[in-house]
Structures are given as C-alpha cells and as structure tokens.
Amino acid sequence: MPHTLQRAFLMGAAFVLLFGCSSGKLPRPHAEIAYLRAQTPPTTGSLMNPVKGQRFSDTWQAARSHGRRHEGVDIFAKKNTKIRSTTDGVVTKIGKNKLGGKVIGIQGPGAWHYYAHLNKFANIKLNQRVKAGQTIGYVGDTGNAKSTQPHLHYGVYLPSGAVNPYPLIDQNK
C-alpha cells in the first residue's frame with residue numbers, strides 16, 4: 001500500500017476509535033472506569049460545590065414519599081443555574097428516569113456522583129471525560145421535583161452504597 005494511502009487509512013481508523021461511529025456517544029472506557037472505582041473515595045471537604053455560590057443544608061436521610069429516605073442533598077437555585085462536576089471523571093449516565101427526571105452520573109475516583117432534576121444538559125456525552133468544575137448541566141425541576149422549587153439533587157455512591165455528600169463538599173469551593 002503506498003505510504004500516503006496507508007497514512008490516510010490509519011488516520012481514518014484512529015478517528016473511528018477516538019470518536020466512534022455516528023451514535024452520538026464515545027466508546028466506553030472500561031479500564032479507566034475500573035481504575036477510577038478502585039481509587040480512594042472523596043474525603044471531608046474534598047469536593048467542590050456543584051452549584052457555585054449556593055449554600056445548602058444537610059438533607060441526608062430526610063423522609064421522602066413511599067417510606068424512602070433521601071440519599072443525597074438538595075441545592076436550591078434559580079432555574080438554569082450552572083451545575084458543575086464536583087470531580088474529574090467519566091460520564092457513565094446521561095438521560096432520564098422517573099424520580100430524578102433529567103440525570104447525569106459521573107464515575108470519579110472512588111465514588112459515583114449522581115446529579116438529578118436538571119432542566120437541561122450541557123454539551124456532554126456518555127463516556128466523555130470531565131474535569132472538576134466543568135459545567136455539566138443546569139438546575140431544574142424535572143422528575144418528581146415538578147412541584148418543588150428548582151434544585152439539584154446531588155448524591156454520592158461508594159461500592160458499598162450511598163453516603164452523605166454534605167460533609168464531602170466544601171461549600172466555598
């Protein structure tokens with residue numbers, strides 16, 4: 001194969017590997033996700049506030065409908081306020097569900113981070129790498145939050161289950 005043709009073929013193959021086909025999502029980075037899961041989980045005050053400048057209370061384990069307990073914190077803000085990733089990581093979920101409405105899940109070091117009730121998503125894709133502080137969406141009232149003020153539900157999950165995110169967040173970051 002002539003050198004120019006060979007180079008064009010290799011560049012085309014690299015493009016497909018990096019950006020996938022026309023599915024709108026990136027290839028799943030299995031090894032990176034496994035590596036992130038195996039890292040040390042966040043510690044007290046190590047995460048930035050996902051809604052910059054919004055102070056909030058600890059609503060962990062508050063009573064919810066159907067005998068449920070709240071597995072996260074609610075951060076109230078004006079509709080369409082930017083939501084930032086609290087961690088470097090990989091987007092492992094982006095879509096909708098009944099309770100959370102529009103949701104995003106990010107696998108970060110040692111923990112999975114769940115963002116719910118978004119009004120809309122930022123320009124991110126499934127399996128995309130994100131950086132702490134990167135805008136991932138906008139505050140809303142989707143899912144079972146339709147009858148409440150716009151807010152972000154933020155949860156943190158270790159392999160053993162949900163943990164209280166309140167002490168992990170430095171509200172001044």
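The values are calculated or read from the model by the stated rules, or taken from the named source; none is laboratory data. Computed from a predicted model, the values in this text were never measured in an experiment. Note that each Cβ is placed from the backbone with ideal geometry, even for glycine, and that neighbours are counted across all protein chains shown. In case anyone asks, the SASA skips ligands and DNA or RNA and just uses the protein heavy atoms, side chains included. Shrake-Rupley method; radii C 1.70, N 1.55, O 1.52, S 1.80 Å.
Do we find a residue being more than 15 Å from residue 109 (Cβ to Cβ) and assigned to a strand (DSSP E or B) anywhere in the stretch 144-151? Yes - at least one qualifying residue is present in the stretch 144-151.
Listed by first and then second residue, the pairs with beta-carbon distance under 9 Å, at least 6 apart or on different chains, first residue in the stretch 49-63 and open to solvent by 70 Å² or more (accessible area, probe 1.4 Å) and hydroxyl-bearing (Ser, Thr, Tyr), second outside any loop (DSSP other than H, G, I, E, B) and modelled with pLDDT of 85 or more, are 57/73; 57/74; 57/166.
Just a yes or no: is a residue in the stretch 98-106 closer than 22 Å to residue 147 by Cβ, modelled with pLDDT under 95 and over 15 Å from the mean Cα position of the chain (by Cα)? So far as the stretch 98-106 goes, yes, one or more of its residues are closer than 22 Å to residue 147 by Cβ, modelled with pLDDT under 95 and over 15 Å from the mean Cα position of the chain (by Cα). Scan the stretch 7-19 and give yes if some residue there is touching a strand residue (DSSP E or B) at 6+ places or on another chain (Cβ under 9 Å), open to solvent by less than 90 Å² (accessible area, probe 1.4 Å) and either modelled with pLDDT under 70 or of a type in the set (A, V, I, L, M) (or both), otherwise no. No: zero hits. Listed by first and then second residue, the pairs with beta-carbon distance under 6 Å, at least 6 apart or on different chains, first residue in the stretch 111-133 and under 14 Å from residue 165 (Cβ atoms), second open to solvent by 50 Å² or more (accessible area, probe 1.4 Å), are 111/41; 112/157.
Considering (1) over 12 Å from residue 93 (Cβ atoms); (2) in contact with a Lys or Arg (Cβ under 7 Å, 6 or more places away or on another chain), the lone condition that residue 127 does not fulfil carries the number (1).
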